[in-house]
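Trainee: After the structure tokens below, expect a handful of questions from me.
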Protein chains: 2
Amino acid sequence: MSTKRHWEDFVPGAVEIYGPRLVTREEIVAFAAEFDPQPMHLDEAAASATLLGGLAASGWHSCCLLMRMLADGILLGAAGMGAPGVDQVRWLKPLRPGTQIRLRATVLEMRASTSRAERGFVKFLFELLDEQDAVLIDLTCSQMIVRREPGAPT
Amino acid sequence: MSTKRHWEDFVPGAVEIYGPRLVTREEIVAFAAEFDPQPMHLDEAAASATLLGGLAASGWHSCCLLMRMLADGILLGAAGMGAPGVDQVRWLKPLRPGTQIRLRATVLEMRASTSRAERGFVKFLFELLDEQDAVLIDLTCSQMIVRREPGAPT
């Protein structure tokens, strides 16, 4: 039997923390050059004249770093089937070069699929934290995960 | 005076299309290896056994490709100030290797900031399209943009 985590292994209210990971200036600039080449993500001088007040990662870069920690921390060890989307992304504080980030994952809600007995949904709140536990970005997202006991009463 | 587009230059209901851009297998796999190393984004055989039914880009990769077309098409030519977040992201259809994608940007709503006379918000619907105009992902997002005439009646 698979040792991967199944839908039944997640518990509403559970909180897990993953990381840390150091985010470098080099990766911030490289990501921005490829996907979000706005001056505030590429150049200190240009960035200091913007609302960010200095060089900071693209909000999409923060999402991608969160995704990587989510994959390593949860999904690669779970019978995951993907996600239909993301409910809301909030870019709350700039992600600066040299920050040690962590991912906080909170299980908000669980429900069995009504149409497919073999799967369930786990709705997570994901928060990217800095060293002082400030939330840099947050997003909510429902992951589809295989049920160990398809169709069992919930 | 700046020739960049300001808040007043956007019109509710306006639709613009950007691209195309060819998405290769190589970039799909490279992105996944860095940010979303789930087998369905890395390997054809593993992907064919999943809900995606074959290799497809990470949903976050689709978002980043959309962002790049948004930057090139609109933001780098506008007096943009950033965005506070994203309202909702829906991953509707898999993005396959070899697809020519385009971005469709629709202005949903405009409002002046009530607290800052120099800025306004433009709420967009962004859709990533394939060659047949099928929507692969969509998201809504409010961009902050500098007003040409701060505080003028709207």
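Computed from the coordinates by the stated procedures, all read-outs in this text should not be read as laboratory data. Note that this is a predicted model, so its numbers are computed, not measured. With ideal geometry, Cβ positions are generated from the backbone for all residues, glycine too; neighbour counts draw on all protein chains shown.
Trainee: Kindly give the distances from residue A:115 to its copy-mates, label point to label point, with each label point 7 Å from Cα along Cα→Cβ, as nm values to one decimal ordered shortest first.
Mentor: 4.1
Trainee: Let me ask you something else. How many nanometers, to one decimal and shortest first, lie between the label point of residue A:8 and those of its other copies, if labels sit 7 Å from Cα toward Cβ?
Mentor: With the label placed 7 Å along Cα→Cβ, residue A:8 yields 6.5 nm.
Trainee: Taking every residue in B:37-44, how many Cβ atoms of other protein chains lie within 10 Å of its Cβ, on average?
Mentor: Mean number of neighbouring Cβ atoms from other chains: 2.
Trainee: Over all directions, how big on average is the projection of the convex hull of the alpha-carbon atoms in the stretch B:79-154, in square nanometres?
Mentor: Values: hull surface 23.8 nm².
For the Cα atoms of the stretch B:79-154, the hull's average projected area reads 5.9 nm².
Trainee: Strictly over 25 Å apart at the Cα level, which of A:93/B:123; A:93/B:93; A:123/B:93; A:4/A:123; A:93/A:123 would you flag in this model?
Mentor: Values: A:93/B:123 21 Å; A:93/B:93 31 Å; A:123/B:93 21 Å; A:4/A:123 18 Å; A:93/A:123 23 Å.
Beyond 25 Å: A:93/B:93.
Trainee: May I ask for the net charge around residue B:19, where only other residues with Cβ less than 14 Å from the Cβ of residue B:19 are counted and Lys, Arg are +1 while Asp, Glu are -1?
Mentor: -2
Trainee: Relative to the Cα centre, what is the charge dipole magnitude of chain A, using +1 at the beta carbon of each Lys and Arg, -1 at the beta carbon of each Asp and Glu, and rounding to the nearest 20 debye? Walk me through the numbers on the way to the answer.
Mentor: Details: 16 positive and 19 negative charges, 107 e Å.
Dipole magnitude for chain A comes out near 520 debye.
Trainee: Within 10 Å of each Cβ in peptide A:93-105, how many partner chain Cβ atoms are there on average? Round it to a whole number, please.
Mentor: On the way: counts 0, 1, 0, 0, 0, 0, 0, 0, 0, 0, 0, 0, 0.
Partner-chain Cβ atoms within 10 Å, mean over residues of A:93-105: 0.
Trainee: Could you work out [θ]222 nm for the protein assembly as shown from helices alone, using -39500 (n - 2.57) per DSSP H run of at least four and dividing by all its residues? Round to the nearest 500 deg cm²/dmol.
Mentor: It comes out at -6000 deg cm²/dmol, rounded to the nearest 500.
Trainee: Ok, one more. Semi-axes of the equivalent ellipsoid of the stretch B:7-146: what are they in whole Å, largest first, if each equals the square root of 5 times a C-alpha gyration tensor eigenvalue?
Mentor: So the equivalent ellipsoid measures 32, 14, 12 Å along its semi-axes.
Trainee: Hey, another quick one. Averaged over B:71-84, how many beta carbons belonging to a partner chain fall within 10 Å of each residue's beta carbon?
Mentor: For peptide B:71-84, the averaged partner shielding equals 3.
Trainee: Please give the FRET efficiency for residue A:116 paired with residue B:134, using the beta carbon to beta carbon distance and R0 = 25 Å, rounded to the nearest 0.05.
Mentor: Computed FRET efficiency for residue A:116 and residue B:134 comes out at 0.60.
Trainee: Here's another thing I want to ask about it. Just how many % of Cα pairs in the stretch B:34-84 lie over 14 Å apart, if you round to the nearest whole percent?
Mentor: 61 percent
Trainee: Taking only the alpha-carbon atoms of the protein assembly as shown, what semi-axes of the equivalent ellipsoid follow from 5 times the gyration tensor eigenvalues under a square root, in whole Å, largest first? Could you put the intermediate results ahead of the total?
Mentor: On the way: eigenvalues 230, 96, 72 Å².
Equivalent-ellipsoid dimensions as semi-axes: 34, 22, 19 Å.
Trainee: OK, next. Run the label-point distances for residue A:85 please: 7 Å along Cα to Cβ, every other copy, nanometres, shortest first.
Mentor: Distances between equivalent label points, in nm: 1.6.
Trainee: Whole Å is fine, so just give me how far the alpha carbon centre of the stretch B:87-101 lies from that of the stretch A:33-85.
Mentor: One Cα centre to the other: 18 Å.
Trainee: A follow-up question, please. Apply 1/(1 + (r/R0)^6) to the Cβ-Cβ distance of residue A:16 and residue B:48, taking R0 = 45 Å, and write down the FRET efficiency to the nearest 0.05.
Mentor: On the way: r = 31 Å, r/R0 = 0.69.
So, using R0 = 45 Å, E works out to roughly 0.90.
Trainee: To the nearest 10 degrees, how steep is helix A:59-73 against the longest Cα principal axis of chain A, on a 0 to 90 scale?
Mentor: That works out to roughly 40 degrees.
Trainee: Please name which of A:77, A:110, A:142 has its Cα lying farthest along the dipole of the stretch A:7-146 towards the positive end, using unit charges on Cβ (Lys, Arg +1; Asp, Glu -1) and the Cα centre as origin.
Mentor: A:110
Trainee: Would you mind checking the tilt of helix A:25-35 against the longest principal axis of the Cα atoms of chain A, expressed as 0 to 90 degrees and rounded to 10?
Mentor: Taking the Cα atoms of chain A, the angle to A:25-35 is about 80 degrees.
Trainee: Once you charge only the Cβ atoms, +1 for Lys and Arg and -1 for Asp and Glu, what is the size of the charge dipole of the protein assembly as shown about its Cα centre, to the nearest 20 debye?
Mentor: Taking the Cα centre of the protein assembly as shown as origin, the dipole is about 480 debye.
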